[in-house]
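Since every read-out is calculated from the coordinates, none of them should be taken as a lab result. None of the values given here were measured: they were computed from a predicted structure. Counting neighbours? That spans all protein chains shown, and the Cβs are built from the backbone with ideal geometry, glycine included.
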Amino acid sequence: MKAKRPILVRIARFVLVVHLWFWGIIAALSLLYSVINPPVTPLMIQRYLVRGYPIRSREYIPLKDIPKRTQNMLIAIEDGNFYKHFGFEWRMVKEAYERNKKAGRIRFGASTLSNQLARTLFLTTDRNYLRKYLEVQVTLIMEICMTKKRMLELYLNYVEWGKGVYGIETASRYYYGTSCKRLSRDQSMRMISILTNPIKYSPQTFHQSASARQRYNLLQRYF
């Protein structure tokens, strides 16, 4: 037992050091991204290397220039309590855990906009418990280091909206040939609706997805 104890202590110290380095790097980048726009994200690199998606020329747009209606649509359909919670909706997390436990694998999520931004800026979209473990830590650090408005701005400018299409302004010009400032109500609803699976569906084919149709109908009802 005495011989094993130092080994366990060294392992524990190593794990702690790795975590401290990880937290420090994420905190430093979060503070940096509070004032500077990331030049590239791990998701962009992963999509390019693994699937061969091009990283299309990106158009960045400040939050103040994105129509309030579009912002409200996104929050309503993705994360109604975005401005109230601290990164997590614990009731939804519990429900998703129980459903995944029954399914025997990760099929259901309870991701807030904060969680999605954590994956977009610092991680990948791979579904496994290691990523979820890291996602929790990244989300908490971002919530401490960034304002909600900055997080929403980064989300809208970096979230995946198609094969090699990242950000709402890039997507608006790609799909409709115009700035998101000039999208119609219907076009905005179509854009928000496909975020469940932007690789498979586009604003023109959203009706082929049951979840996208449901989201569109909800937006149509309330906006």
- request: Would you mind computing, in nm to one decimal, how far apart the modelled labels at S184 and L31 are, each placed 7 Å from Cα along Cα→Cβ?
  value: 4.8 nm
query: Can you list the residues, at least 5 places off or on another chain, whose amide H is less than 5 Å from the amide H of W161, using H built in the peptide plane?
result: Y166, G167
- request: Sort the following peptides by mean Cβ neighbour count (other Cβ atoms within 10 Å, averaged over residues), highest first: 118-125, 50-57.
  value: 118-125, 50-57
- prompt: Any idea what the alpha-carbon Rg over 2.2 N^0.38 Å comes to for the chain?
  reply: 1.11
query: What length, rounded to one decimal in nm, is gained on full extension from V9 through to L49, with 0.36 nm per residue of separation minus their alpha-carbon distance?
result: 10.6 nm
statement: Toy charge model, Lys and Arg Cβ at +1, Asp and Glu Cβ at -1: region 4-222 dipole around Cα centroid in debye, rounded to 20, equals 560 debye
